[in-house]
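Heads up: the structure comes next, in structure tokens.
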There are 2 protein chains.
Amino acid sequence: MKSESPGSDLSSDIARDIRDAIVEGRMIVDERLPSEAELAEQFGVSRPTVREALKRLAAQALIRTQRGAFGGAFVNRLSYEEAYGQQVTTSTLLLSMNQVSFETACEARYAMERACAELAVERRTSDHLATMRAEVDRQTQPGLSDEGFCASDVALHRAFVDAAGNPVLSYQLAGAVEAMQPLMNMITFTARSRGEIVALHTALLDAVEHRNAHSAEIALRQLEAYTLTLGQDVMAARARAG
Amino acid sequence: MKSESPGSDLSSDIARDIRDAIVEGRMIVDERLPSEAELAEQFGVSRPTVREALKRLAAQALIRTQRGAFGGAFVNRLSYEEAYGQQVTTSTLLLSMNQVSFETACEARYAMERACAELAVERRTSDHLATMRAEVDRQTQPGLSDEGFCASDVALHRAFVDAAGNPVLSYQLAGAVEAMQPLMNMITFTARSRGEIVALHTALLDAVEHRNAHSAEIALRQLEAYTLTLGQDVMAARARAG
DNA sequence: CGCCTATAATTGTCAGACATTTAAAGGTCT
DNA sequence: AGACCTTTAAATGTCTGACAATTATAGGCG
């Protein structure tokens, strides 16, 4: 009674069977799967085929494997970090491979960030403020490369999102914010544009410090508008260059 | 010059090498990878090891394979649908495996949905309205099961999010909305609670129809509050039951 | 009693073979 | 000449059997 669909591919079928068992809760976290040899017998296939199925699951962080006696494959508790990673990779590829316009990506990102404003100003701790301030400071340093500037930008926004104190929100936003980094990295930041951005970051920081959600949203809106103009200039230049 | 880190695992290393090549743009969409035999020679490993690496990449939809002459592995254009699927699976597991509270998940979901309100009321087409209306109608039908009610709920919210006309936003929201379905499915909806929800859905629908972002946000906020009370009742009952 | 060693279970890797699929090349008939 | 069929070769999919590497447990030794 094995389920099939994609032109028959044993390792796919087996991976799906096991994945379903995990997703539907028939296997619980840290539960050990049968050994590869046992699985091979159960599914009526060879060990390499089972191994291919297990590697598929491992790639999605659904299982982890351990060598040695009493080792084997175990249902993995998907950590926030692993989920972040998957989220960022998937989002980045989605953007880079689907001719998603800078406008669309930017709009989505800032819409979601604004969704954090209310919670962030309410729950931010002094730690969050300190992190944001440190990043703003870094952004004013003269020797900073464009890539370093972008990285600091991401770190600041990350701190802002984390200030909302909702790990699910942080996880969802990770993709939206980090996936834009490759697009942002194409931008050459002039001293003037850096100044503008730092000013807006400072406005955001002040709003968070004074727990003013409305001001935070305005700062984010201005940041979106300014980022958009910078991005559009780059895209236009690239279009001219061919 | 092979990169290594996790206690040496050849198929992991190879998968990472290839993944990096794709993510960094050194391999472009639809480009064909060398055959398994060639890869085995290049990396100095056996074909089964190469195959395990390729299955890892296939599990993340980074490549697709085609049998037969002139077949092979090709860099896959990550479609929105594939990305949705990954997003939903990852989000669902993250919620179910990490004792994420109903409150936290609910808060994140509605915060993100509210972020769509402004764009949705501005860009919604009559199609979006019709879909939403159809789902509200379905929700009033007497014979509808609780699962059917939840599914319709997801469909309505999905239409609302899609109305924002930003595919990246739709993609990001897919996880937040659908991952809550297992939690919602634990709720037994009484006739009274269904009535309340339908009333709020109708309010949301009206707001979208009349392009009133503020009303839409209020409806969503009320929906969040009501969903939260329903969920908390269930959680409390489960806690008592042990 | 503590340390060391042997053991067995399990994953990781390899080699070679055969089955299956598929597109392209070449041949045949009209 | 053109349409249809057959062959062929390249590639993935799968199997078998073996060996290497790792590791927790059990047993032996001082």
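The values are calculated or read from the model by the stated rules, or taken from the named source; none is laboratory data. Computed from a prediction, not measured in an experiment: that's the story for all the values here. With ideal geometry, Cβ positions are generated from the backbone for all residues, glycine too; neighbour counts draw on all protein chains shown.
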Selected residue (criterion: nearest to DNA strand D (Cβ to nearest atom)) from residues of segment B:86-100 that are touching a residue at least 24 places away in the same chain (Cβ under 8 Å) and not β-branched (V, I, T): B:Q86
Total residues in segment A:23-50, condition within 27 Å of A:V88 (Cα to Cα) and within 16 Å of DNA strand D (Cβ to nearest atom): 1
Out of A:R114, A:R124, sole residue that is within 29 Å of B:S96 (Cα to Cα), away from every other protein chain (no Cβ under 13 Å) and more than 16 Å from DNA strand D (Cβ to nearest atom): A:R124
Selected residue (criterion: nearest to the other protein chains (Cβ to nearest Cβ)) from residues of segment B:30-53 that are in a helix (DSSP H, G or I) and among the charged types (D, E, K, R): B:E52
Given (1) buried (at least 19 other Cβ atoms within 10 Å of the Cβ); (2) within 16 Å of DNA strand C (Cβ to nearest atom), number of the condition B:T65 does not satisfy: (1)
Any hit, segment B:165-177, residues being of a type outside the set (S, T, N, Q), free of Cβ contacts under 8 Å to residues at least 40 places away in the same chain and buried (at least 23 other Cβ atoms within 10 Å of the Cβ): yes
Residue check for B:D20: within 16 Å of DNA strand D (Cβ to nearest atom) and out of contact with any Gly (no Cβ under 8 Å at 6 or more places or on another chain): no
B:H201 being in contact (Cβ under 8 Å) with a residue 60 or more places away in the chain and either touching a strand residue (DSSP E or B) at 6+ places or on another chain (Cβ under 9 Å) or not aliphatic (A, V, I, L, M) (or both): yes
Options B:A83, B:A58; residue that is within 21 Å of B:Y171 (Cβ to Cβ), away from DNA strand D (no atom under 16 Å from the Cβ) and at the interface with chain A (Cβ under 9 Å from one of its Cβ atoms): B:A83
Meets criteria (within 14 Å of chain B (Cβ to nearest Cβ), touching a Leu at 6+ places or on another chain (Cβ under 8 Å) and closer than 21 Å to B:E24 by Cβ) for A:L183: yes
In segment A:97-111, residue farthest from B:A21 (Cα to Cα) [restricted to those that are among the hydroxyl-bearing types (S, T, Y) and more than 7 Å from chain B (Cβ to nearest Cβ)]: A:Y110
Pair list, Cβ under 9 Å, 6 or more apart: segment B:68-80 residue within 12 Å of chain A (Cβ to nearest Cβ) and closer than 11 Å to A:L93 by Cα, other residue of a type in the set (F, W, Y) and part of a helix (DSSP H, G or I): B:Y80/B:Y171
Options A:T229, A:T188; residue that is of a type in the set (S, T, Y), without any contact (Cβ under 8 Å) to a residue 12 or more places away in the chain and over 20 Å from A:A130 (Cβ atoms): A:T229
Segment A:70-100: number of residues that are farther than 18 Å from B:Q86 by Cβ and modelled with pLDDT under 90: 1
Test: residue in segment B:16-29 that is at the interface with chain A (Cβ under 10 Å from one of its Cβ atoms), within 29 Å of the chain's Cα centre (by Cα) and within 15 Å of DNA strand C (Cβ to nearest atom): no
